[in-house]
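Undergrad: Please see the structure below; I have some questions.
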Amino acid sequence: MSTIDATLQSNQQKAKQYVTKVYNATEQRNPHETEFLQAVKEIVGSLVPVIARHPEYMNSGILERLLEPEKVITFRVPWVDDQGKVHVNRGFRVQFNSALGPYKGGLRFHPTVNESIVKFLGFEQIFKNSLTGQQIGGGKGGSDFDPKGKSDMEIMRFCQSFMTELYQHIGPETDVPAGDVGVNAREIGYLFGQYKKMCGAFEAGVLTGKGLGYGGSLARTEATGYGLVYFVQEMLKDNGLDFKGKTVIVSGSGNVSIYAMEKAAEFGAKVVACSDSDGYIYDQNGINLDTVKELKETGDERISAYTEKHPSAEYFEDCTQIFSIPCDIALPCATQNEINAETAQTMLDNGVKAIGEGANMPSTNEAQDMFLENHILFAPAKAANAGGVAVSALEMAQNSGKISWAFEKVDARLQEIMKDIYQNSMQAASDYGTPGNLVAGSNIAGFIKVADAMTEQGII
């Protein structure tokens, strides 16, 4: 063995030991935060070759600093329902890393929200935001409040109470929240109105996902779903494939799912199934997107009502079984960990060719490994669903200049960003010994940019 080979092997071993040590320390410090630890394990495991080649990251404690949020804010959110009863929810904002710019990440209102969920989302957001090439750091927030079944007035009162605490921690150059699960244009409007009242100023850049009349961006609603399909299309083209003529399944039926279905159909695919938290529909003739939009965008009906207009379609109550339907391309856009090892095996047995993650961490680490080991084309969430935050950053740019861009301009820029993310991730995977592995490639490409910025800014 040459001296160079021996040095490389030694560096590799030291890097592996370092990464393991850092992960174990994180696990001991956060023993009950399963979602956060899952995200950490998936990301840091792919960074061993980077640390081996750049021991300066190890020497300056980049991973230790990266895995600890800069600030975690937890607060009480009291509100009154329409019957005059007082309720109390928990509010969260994790400001994870600001090396590249102000914290940026959505607010999630859902009963499952806790500190682990918010930390996992915020941690992933660091790398996702880095990949976009925009000047935005990583953050996330939300509450265990459930908007489902609440009146507009109840949601307004909750949002006002939530923002009464949050406003002092955010700002256009500090922390810029957006929407996520349970937080759409209605909630953003109520939150913005309360922020404006508390601050006594119209600061459009403090929130993204706003209405078009007060600083929102065209194409923001479509961005995550469209961006997902743009990314997957690049991946397919690189492997001699295309959406045209392919059978597609999309889990979920919110904005990400709806606009992923729309763009996939535009590219010639036949989308045959989608879901909500109650169950899923299967339409062998192809999902009628106008019906889904009518149910979800205007009436907030359950997806089961689809069969009333399309009696040839079938409805099944267990939403977790949507991926038992054979398909060429699967786009999981519902929630974290919806695809486990058992589901992954079913998909492999049914001949799935490509998977694009529209939700955040929809595949467990075991499922992800199974797809990669079986050479399935796999587009990981932090790269494939970055279109939403990319256009949020474009909304911030428009707010800063007090201008509005045409839909076509924003969409063209989105396509460029998704193509760049794909190419940069592929290049990083190749440079660090895992050619074609977009999981490793996106982790590495996102990490290096943040690590370099942290190094240049000193120990803070």
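Undergrad: Which residue is nearest to N129 (Cα to Cα), if the candidates are limited to region 361-416 and must be assigned to a helix (DSSP H, G or I) and of a type in the set (K, R)?
TA: K382
Undergrad: Among the residues of region 424-460, write down those that are among the aliphatic types (A, V, I, L, M) and in contact with a Phe, Trp or Tyr (Cβ under 8 Å, 6 or more places away or on another chain).
TA: Within region 424-460, L438, V439, A440, I444, V450, A451 qualify.
Undergrad: Filter region 154-177 down to the residues that are over 24 Å from the mean Cα position of the chain (by Cα), under 13 Å from G142 (Cα atoms) and hydrophobic (A, V, I, L, M, F, W, C) and list them by number.
TA: Within region 154-177, just F158 meets the criteria.
Undergrad: Right, here's the next one. For region 336-358, what are the residues that are of a type in the set (D, E, K, R) and more than 21 Å from Q38 (Cβ to Cβ)?
TA: Passing the criteria: D349, K353.
Undergrad: Scan region 411-431 for residues that are over 21 Å from L100 (Cβ atoms) and either crowded, with 17+ Cβ neighbours inside 10 Å or of a type outside the set (G, A, S) (or both) and jot them down.
TA: Across region 411-431, the qualifying residues are D411, Q415, M426, A429.
Undergrad: Can you tell me how many residues within region 316-334 are in a loop (DSSP other than H, G, I, E, B) and under 19 Å from the mean Cα position of the chain (by Cα)?
TA: Residues flagged as in a loop (DSSP other than H, G, I, E, B) and under 19 Å from the mean Cα position of the chain (by Cα) within region 316-334 amount to 2.
Undergrad: Please specify each residue of region 33-65 satisfying the condition of being of a type in the set (S, T, Y) and either touching a His at 6+ places or on another chain (Cβ under 9 Å) or closer than 26 Å to V113 by Cβ (or both).
TA: Selection gives T34 alone.
Undergrad: Kindly indicate whether N114 is surrounded by 22 or more Cβ atoms within 10 Å (Cβ to Cβ), among the polar types (S, T, N, Q) and more than 12 Å from the chain's Cα centre (by Cα).
TA: no
Undergrad: Test G441 against the stated conditions and say whether it is touching a His at 6+ places or on another chain (Cβ under 9 Å) and at pLDDT 95 or above.
TA: no
Undergrad: Please state which one of A445, A412 is over 17 Å from the mean Cα position of the chain (by Cα), among the small types (G, A, S) and either closer than 20 Å to K382 by Cβ or not assigned by TED's automatic domain parsing to the domain that holds N97 (or both).
TA: The match here is A412.
Undergrad: Is it true that H87 is touching a helix residue (DSSP H, G or I) at 6+ places or on another chain (Cβ under 9 Å) and either in the same structural domain as N360 (by TED's automatic domain parsing) or more than 24 Å from Q125 (Cα to Cα) (or both)?
TA: yes
Undergrad: Taking the stated definitions as given, is D180 touching a Gly at 6+ places or on another chain (Cβ under 7 Å), at pLDDT 95 or above, crowded, with 17+ Cβ neighbours inside 10 Å and among the acidic types (D, E)?
TA: Considered against the rule, which asks whether it is touching a Gly at 6+ places or on another chain (Cβ under 7 Å), at pLDDT 95 or above, crowded, with 17+ Cβ neighbours inside 10 Å and among the acidic types (D, E), D180 comes out as no.
Yes/no matrix, rows are residues, columns are (1) surrounded by 23 or more Cβ atoms within 10 Å (Cβ to Cβ); (2) more than 30 Å from W79 (Cβ to Cβ):
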site: A201; (1), (2): no, no
site: A219; (1), (2): yes, yes
site: L228; (1), (2): yes, yes
site: E234; (1), (2): no, yes
site: S253; (1), (2): yes, no
site: S257; (1), (2): yes, no
site: E266; (1), (2): no, yes
site: C274; (1), (2): yes, yes
site: S277; (1), (2): no, no
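Undergrad: Does region 183-198 hold any residues that are free of Cβ contacts under 8 Å to residues at least 60 places away in the same chain and either surrounded by fewer than 15 Cβ atoms within 10 Å (Cβ to Cβ) or within 17 Å of the chain's Cα centre (by Cα) (or both), and which are they?
TA: Answer for region 183-198, where residues must be free of Cβ contacts under 8 Å to residues at least 60 places away in the same chain and either surrounded by fewer than 15 Cβ atoms within 10 Å (Cβ to Cβ) or within 17 Å of the chain's Cα centre (by Cα) (or both): just K197.
Undergrad: Same structure again: Out of all the residues in region 278-298, is one or more of a type outside the set (A, V, I, L, M), under 18 Å from the mean Cα position of the chain (by Cα) and either outside any loop (DSSP other than H, G, I, E, B) or within 21 Å of N385 (Cα to Cα) (or both)?
TA: The answer is no, given that none of the residues of region 278-298 is of a type outside the set (A, V, I, L, M), under 18 Å from the mean Cα position of the chain (by Cα) and either outside any loop (DSSP other than H, G, I, E, B) or within 21 Å of N385 (Cα to Cα) (or both).
Undergrad: Restricting attention to region 30-44, which residues are closer than 16 Å to G441 by Cα and touching a Phe, Trp or Tyr at 6+ places or on another chain (Cβ under 8 Å)?
TA: A39, V40, K41, I43, V44
The values are calculated or read from the model by the stated rules, or taken from the named source; none is laboratory data. Because the structure is a prediction, the values reported are computed rather than measured. Every residue, glycine among them, receives a Cβ derived from its backbone with ideal geometry; neighbour counts consider all protein chains shown.
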